[in-house]
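K.L.:
My questions will all concern the structure given below.
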Amino acid sequence: MEVNEDVPEAHQEGDEEEEQQQQVWSWGAGTDGQLGTGRLQDELLPQPLSLPAVSLLSCGGAHVVALSSGGRVLTWGRGSSGQLGHGEVVNHCLKPKPVTFPVSFPITHVSAGWSHSGFVSDTGRLFTCGDGSFGQLGHGDFSSHCCPVEVLYFASKNVGQVACGMRHSLVLLKGEIHSQVYGFGSCKRGQIGSHDVRMKSVNIPQVIDGFKNIDIVSISANGDHSAALSDAGEVSMLGGRHHGILSDPEKIGKNSFPEDGLTKTWGWGEHGQLGLGDTRDQILPQNVFLDQGQSNGGARCRVYCGSGFTYAIRTRNLFP
């Protein structure tokens, strides 16, 4: 699950300098080219990559969407549903390739779902592409698209963020105090707040009641659940769990997350996505060493998790 508090600005001077200061690694499942290494294989240890300066990155089922510091979008990995936005359906794309939009403008937020993608422009417009068979693209139908298409429902609104899950999507509006989070797509697990057992999916965006009375600053979607981060630092969740459905948003205190600055992984490790050199599961957090066995030296990283693969981005002086 990715919870991003910072929405990057469209373009800043000094992008080349930032690129020189930035380090990127990937590891885990790679048989669809999602690791960006140019190889179709899993990697059990972090692999260094050479990428343009990245201000935001999102990992999906087997594809990656990256936002450069200049507002340009790059995608790679599996493209069998059109989720890469390259205008064609492909089995996989081994190297980052730019996405072309109907109108030229900077993109400020991106998200990769299981087999669909979302993009937000600096003017608050939302575009989606990929698999739409559950209505997760928000176009009022169940069609798929291999190029980014604007979600017209939000044409008169100001979209700030998009979050794509397995078969559903979330949208966070800017400047809205109430009714600020919308959901569409699969809803049978309550991931967009609907508990009507007769409804399996929604192809038109609807307000998520469970997040109505919370001042939301960031949203996240993963699998069949949704999460929202409040301005108070609390995470509220909706949707499916291993042992049932959450009837109300479950709140997780901000003290649940470590603050020692080290990169840690735990959980499912079948594809090497924990970056520990093996495929074992881990029930406790383990330190990941990005620089050939050396400690991170207290430097913090942004970590992004997909389905069986992981990315880490470290930028010098990113955190004070």
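The values are calculated or read from the model by the stated rules, or taken from the named source; none is laboratory data. This one's a predicted model, so the numbers in the text were calculated from it and none came from an experiment. Don't worry about glycine lacking a Cβ; one is built from the backbone with ideal geometry, like all the others, and counts go over all protein chains shown.
K.L.:
Taking the conditions exactly as written (in contact with a Cys (Cβ under 7 Å, 6 or more places away or on another chain), in contact (Cβ under 8 Å) with a residue 40 or more places away in the chain and over 27 Å from residue 39 (Cβ atoms)), does residue 118 satisfy them or not?
P.N.:
Yes; evaluated as a whole, the condition is true for this residue.
K.L.:
Also: Mind checking which residues of the range 90-114 are assigned to a loop (DSSP other than H, G, I, E, B), touching a Ser or Thr at 6+ places or on another chain (Cβ under 6 Å) and closer than 28 Å to residue 226 by Cα? Steps first, answer last, please.
P.N.:
Within the range 90-114, the first condition is being assigned to a loop (DSSP other than H, G, I, E, B), and the residues that meet it are 99-106, 113-114.
Filter once more, keeping what is touching a Ser or Thr at 6+ places or on another chain (Cβ under 6 Å): 99, 105.
If the condition is that a residue be assigned to a loop (DSSP other than H, G, I, E, B), touching a Ser or Thr at 6+ places or on another chain (Cβ under 6 Å) and closer than 28 Å to residue 226 by Cα, then 99 is the only one that fits.
K.L.:
Further question: Going by what's in this entry, would residue 190 be described as farther than 29 Å from residue 89 by Cα and in a loop (DSSP other than H, G, I, E, B)?
P.N.:
Values: farther than 29 Å from residue 89 by Cα: yes; in a loop (DSSP other than H, G, I, E, B): yes.
Answer is yes for this residue.
K.L.:
Among what's in the range 246-290 and is touching a strand residue (DSSP E or B) at 6+ places or on another chain (Cβ under 9 Å) and among the basic types (Lys, Arg), pick the residue that is modelled with the highest pLDDT.
P.N.:
264
K.L.:
With (1) at pLDDT 95 or above; (2) surrounded by fewer than 20 Cβ atoms within 10 Å (Cβ to Cβ) as the list, and residue 17 as the residue in question, which single condition is left unmet?
P.N.:
(1)
K.L.:
Filter the range 198-214 down to residues that are in a loop (DSSP other than H, G, I, E, B) and either aromatic (Phe, Trp, Tyr) or over 21 Å from the mean Cα position of the chain (by Cα) (or both) and give me whichever is surrounded by the most Cβ atoms within 10 Å (Cβ to Cβ).
P.N.:
The qualifying residue surrounded by the most Cβ atoms within 10 Å (Cβ to Cβ) is 214.
K.L.:
All but one of (1) surrounded by fewer than 24 Cβ atoms within 10 Å (Cβ to Cβ); (2) in contact (Cβ under 8 Å) with a residue 60 or more places away in the chain hold for residue 62, so report the exception by its number.
P.N.:
(1)
K.L.:
Looking only at the range 61-75, how many residues end up being more than 25 Å from residue 123 (Cα to Cα) and either of a type in the set (Phe, Trp, Tyr) or not in a strand (DSSP E or B) (or both)?
P.N.:
2
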